[in-house]
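Report on the structure given below.
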Amino acid sequence: MSWIGEFSDCLRTGFSEWTQRARIGKLASYPGIGLRYGIALALLLGPAWDLRSAEPPTPPPAKPKVAEKPTPPRSSDLFTSPLPLKTESRIDRLVMAKLRPLGIQPALCSDAVFVRRVHLDLIGIPPTAEEARAFIANPDAANKRKALTEQLLSRDECSVYRAMKWGDLLRIKAEFPINLWPNAAQLYHRWVVDSLRQNKPYDQFVRELLTSSGSNYRVGPVNFYRALPSRTPEGIASGVALTFLGSRTEAWPQDRLAGMAAFFSQVGYKPTSEWKEEYVFWDPTGSHAIAGNAAPGRPSIAEIGTPFEDAGLAATANPAAFPKEAVFPDGTKVTLSTDRDPREIFADWLISPENPWFTRAIANRVWFWLMGRGIVHEADDFRDDNPPSHPELLAYLEKELIGAEYDLKHLYRLILNSEAYQFASVAGSTSPEAEALFAAYPMRRLEAEVLIDAINRITGTTELYTSPIPEPFTYIPQGQPAVSIGDGSITSPFLSLFGRSARATGTESERTGQVVSGQWIHLLNSSHIQEKLENGPGIKALVSAKRPVNETITALYLAILSRHPGPEEIVTARAYCGLGADDKPDQKPVRPEHWNDLAWALLNTHEFLFRH
Amino acid sequence: MIPPNPPIWSLPTHPNHLGMSLSRSIDRRGAMQIGLFSTLGFLGRGGAMGSTPPAAPPDAAAAAKKTKPSAKATTVIQIFLWGGMSHSDTWDPKPDAGYDYNGPLKKFLSTNVPGIQLSEWFLELAKQADKYSLIRSMTHGNNGHETAAYLVQTAHAPGDRLAYPSVGAVFAHMKEQEYKGSLPPYVVLTKPQGRFSEEGFLGARLKPFATGGDPNASRFEVEGIVSRRVADARQEARRDLLASLDTLRKSAGDDPLVRASQAARTEAYEMILGKGREVFDLSKEKPELRDRYGRHTFGQDCLAARRMAEAGVPYIVINYPGGWDTHSNHFQTMGRQAPQLDQGLAALLADLHDRGMLDTTLVWCCGEFGRGPKVDWQPPWNGGRNHHGKVFSVLVAGGGFKGGHVVGASDEKAMEVAERPVSPTDLLGSIYQLAGIDSKASLPHPMGLEAHILPKDPGKAPSGGLLTEIM
């Protein structure tokens, strides 16, 4: 047996088992699936009307061989909407303009897919069963998606979830390799969450990050300068370019980096007598580099102006050695003077609407966060030889963001209300070209934090999050969602296994969406997950309520997959429980653990594991 | 270029150092007369402190002829003593250093290799010093747990632009093509280390698989593989149920991510339901052998590691169950843990040797640093030892490393390197070489950045080069 196994039978089944057993009359009467949707489905299925009298599936044998049971016809109908595209918004016209010539006709996602998708993308957790049920049943097809988007954008979880993404980019982590120290990491994170809560304009958010001075324990944004892989002027410039210009300086000519680095040549760091407290400040005299001058408790600033005695440090400490000139990445030169912090000069250039990169970089990033792929891809790799797939679209988003005075929620609304965001993930072409042109919403594995939060909510359980360094160990109160943990050093084996960002470099790719066998082993068979399913109150409550079997199956589907089961799925689930197709009162599974197995199976579907 | 191995007695550092510690040993213990030949060790088992039976000198001629290690390491077992085990209380004892340094420690053992002494807790390892060598001049100077752990296991300086993968992940990456086993290529017993992201930029696939569970329990429940809760028949029924309810996958099966995920799930089931899991069934071993390894978690970790090595797993880490970060309660903790380390490690080396596996199984054991040789008697430490990265000890065995040698030396109080510094680059470079891995090879970086297994420029860190004297 090889370590890379062959694909299982599952891959070979699929549509081959397409059967026409769907009984549309039953589907239409199914709780929660409205008549309108039922009829629409019926029209799509056409001849299925004739099969009303089809025989119910044969009762299962002693050991249910469910794999051979029929699969739902057109399972994608669960995931796509019958409504036609309108292509009205500017975004949609620009996206469709690239798809039409290729003959690609995307489909819209179903309401059930949308309610789950938009919850995951905005607040980092799937809808509750009730939220999903209510949204799907809401008859106001014209407005309900927009209304839900608006409601989610105002929820506090939205700020918290977005702060998690910023935490990756800003490298909010107490320990190795960033070493912010726990209370500084907490303060930094709180500043980010608060900024998002206030919907602080993005240009202001960035300016505060780049120009703040003060203690790492008191002024959250100064930690930006402490959370960089390198504190040399070049290292700082490199981090700033990656984070705010979406550009990797590895691909830059050396003089461009040196020119930009000059803006950061006067950043000073000095400790205080408080353990691991550190001031970040504008240090035009180079005082912090004088040996002994920045020792804890020493009045460093008082010594500014005294002659430099340490010849070894003179080169770095001597303000005469500081660059007199700095160059913006666009080639414009500025003379640095001692009466203005060069960080401010740079920040003002950076956030100016005329800056060709700044707005584009964040617009592209927001697009990437929501659409799974940047217009410039990867989202932090802007360079001449990596052109945008839709230049006009990027320019449009840029213009909109400037017009909205850097209100990022404006961009969120534009994108989320577009049809392009609401394309089905399963329809359309499978060509790589189509993927790059946003023909479908790309399927992506849930982030580690989102995944465990969803599992915990469904099963009614909690996790232990700790950091073993520094001592004494940090423990987070049980019940706090993983997405809200500010400090990347506070973790759990699950978060690490599922590729939470190591927050070492600030690149988007540091968070991995790979699915590897070790993760499956954990999901399929670990005591960690089994314990939650078997002993957590969540599933117990769902399956112990006195109600017909089909309602319990529906409750499990709504809780775990945020949708109603398809008719064939009900048949399959019933068969596994040793029950025939007819839902009679007082039925129950042959063995109680059948319920647990069903919940387990739903939790291990790709539909649960992925955003789709 | 690697020079051919010179005979041990021609090495400049060894006679000197050995002469020093030998004379002390003779003075203190009145041990038998020894010659340099016997520093090569002998192959018999048994022997004990102070009463080493006369050893047949090894075939010196044959040893001298061997210019290159014929055996290459195919499996590595790394025993990581996280927290940092004291070197001066264990494998680099300084009997004359006095109470301020040695505290209550008074007994020092001779070993079956004359000239090599261990502290009193290593009764079993003392009987088989011929099977391993001790590096007593390991140094990186770093005293932070996570930075030092990173240094020891990557050889890259922390704070570099990149966060490198650990030696285990690199090993698994380089052996990925040839390894055909059904277990993951990089396994950790039983908990991940958690000091840094071991897979680095190599991706989730090379993350170490942590077994969880306790191999000393009546059943070693390897997290996700060996489940007490779900019998095989139910496991199979569930798998079929999942296949038929995985509705979205049936529609989206062509999606490359979904396809890769499905393949990974199939792989996972090979571990959950396949033969691979039998490796973890320690009840297949004779009770006497399990006793020899020690009926404690670390002992059975070692036994499980041997079974995995037999199954061909390329890289196995035992993270010592219980730390060595003995700032306080130092001597109590040492008195409890060191004998268990001794028992498990000695049994592992003997067992590998008995099975003819020691030639191809490389074992290395150390923490991220040593501990301050001078005891800190002040409150709140009250007789503790602090971090010490300037010099510490590493035990290496098998896989092409010769046994019975001491590499380098610390000074008389075990504070600094006295002879032949060994840097993390020297140690890992030697391990890579024995495993046939070109340590200059580049590693794939997701952003296309230049990254090599070992640093291209080792910098100014003290280094004595590859461990050719024991390879």
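The values are calculated or read from the model by the stated rules, or taken from the named source; none is laboratory data. Remember, predicted model here, so these are calculated numbers, not experimental data. All Cβ positions, even for glycine, are placed from backbone atoms using ideal geometry, and neighbour counts span all protein chains on display. With ligands, DNA and RNA removed, areas are computed over all heavy atoms of the protein, side chains included. Shrake-Rupley method; radii C 1.70, N 1.55, O 1.52, S 1.80 Å.
What are the residues in segment A:471-483 that are among the aromatic types (Phe, Trp, Tyr) and in a strand (DSSP E or B), if any?
A:475
Consider residue A:340 against the criteria (1) assigned to a helix (DSSP H, G or I); (2) surrounded by fewer than 21 Cβ atoms within 10 Å (Cβ to Cβ): it satisfies all of them except one. Which criterion is unmet?
The single condition residue A:340 does not satisfy is (1).
Can you go through B:418, B:409, B:397, B:435 and tell me which one is in contact (Cβ under 8 Å) with a residue 24 or more places away in the chain and farther than 18 Å from residue B:91 by Cβ?
After applying the criteria, what remains is B:435.
If I go through segment A:134-147 residue by residue, how many of them are surrounded by fewer than 22 Cβ atoms within 10 Å (Cβ to Cβ) and assigned to a helix (DSSP H, G or I)?
Result for segment A:134-147: 6.
Name every residue in segment A:442-460 that is under 19 Å from residue A:490 (Cα atoms) and not aliphatic (A, V, I, L, M), in order of residue number.
Within segment A:442-460, A:447, A:449, A:453, A:456 qualify.
Give segment A:84-106 a look and list any residue that's under 10 Å from residue A:434 (Cβ atoms) and in a helix (DSSP H, G or I), or say none.
A:98, A:99, A:102
When residue B:278 is evaluated against the numbered criteria (1) within 7 Å of chain A (Cβ to nearest Cβ); (2) open to solvent by 40 Å² or more (accessible area, probe 1.4 Å); (3) outside any loop (DSSP other than H, G, I, E, B); (4) under 28 Å from residue B:167 (Cα atoms), which criterion, by number, is the only one it fails?
(1) is the only condition that residue B:278 fails.
For residue B:454, work out the one condition from (1) more than 28 Å from residue A:250 (Cβ to Cβ); (2) under 23 Å from the mean Cα position of the chain (by Cα) it doesn't fulfil.
Tallying (1) more than 28 Å from residue A:250 (Cβ to Cβ); (2) under 23 Å from the mean Cα position of the chain (by Cα), residue B:454 fails exactly one: (1).
Can you tell me which residue in segment B:431-464 is least open to solvent (accessible area, probe 1.4 Å), limited to those that are closer than 30 Å to residue B:101 by Cβ and in contact with a Gly (Cβ under 9 Å, 6 or more places away or on another chain)?
Restricting to residues being closer than 30 Å to residue B:101 by Cβ and in contact with a Gly (Cβ under 9 Å, 6 or more places away or on another chain), the top hit is B:464.
Go through segment A:343-367 and give me each residue that's in a helix (DSSP H, G or I) and open to solvent by 40 Å² or more (accessible area, probe 1.4 Å).
A:344, A:348, A:360
Among the residues of segment B:434-449, is any over 24 Å from residue B:205 (Cβ atoms), within 23 Å of the chain's Cα centre (by Cα) and not in a loop (DSSP other than H, G, I, E, B)?
Checking segment B:434-449: at least one residue is over 24 Å from residue B:205 (Cβ atoms), within 23 Å of the chain's Cα centre (by Cα) and not in a loop (DSSP other than H, G, I, E, B).
Scanning segment A:563-611 for residues that are of a type in the set (Gly, Ala, Ser) and within 12 Å of chain B (Cβ to nearest Cβ), which turns out farthest from the chain's Cα centre (by Cα)?
My answer is A:578.
I need every pair where a residue in segment A:77-91 that is within 14 Å of chain B (Cβ to nearest Cβ) and within 22 Å of residue A:566 (Cα to Cα) has its Cβ under 7 Å from the Cβ of a residue that is open to solvent by less than 60 Å² (accessible area, probe 1.4 Å) and in a strand (DSSP E or B), sequence separation at least 6 or different chains.
Once the first residue is within 14 Å of chain B (Cβ to nearest Cβ) and within 22 Å of residue A:566 (Cα to Cα) and sits in segment A:77-91, its partners that are open to solvent by less than 60 Å² (accessible area, probe 1.4 Å) and in a strand (DSSP E or B) give A:79/A:109; A:80/A:108; A:80/A:109.
Which residues, counting only those in segment A:216-256, are crowded, with 20+ Cβ neighbours inside 10 Å, in a helix (DSSP H, G or I) and aliphatic (A, V, I, L, M)?
Within segment A:216-256, A:222, A:236, A:237, A:240, A:241, A:242 meet the criteria.
Does segment B:375-397 include one or more residues that are over 22 Å from the mean Cα position of the chain (by Cα), among the charged types (D, E, K, R) and surrounded by fewer than 22 Cβ atoms within 10 Å (Cβ to Cβ)?
Yes, segment B:375-397 has at least one match.
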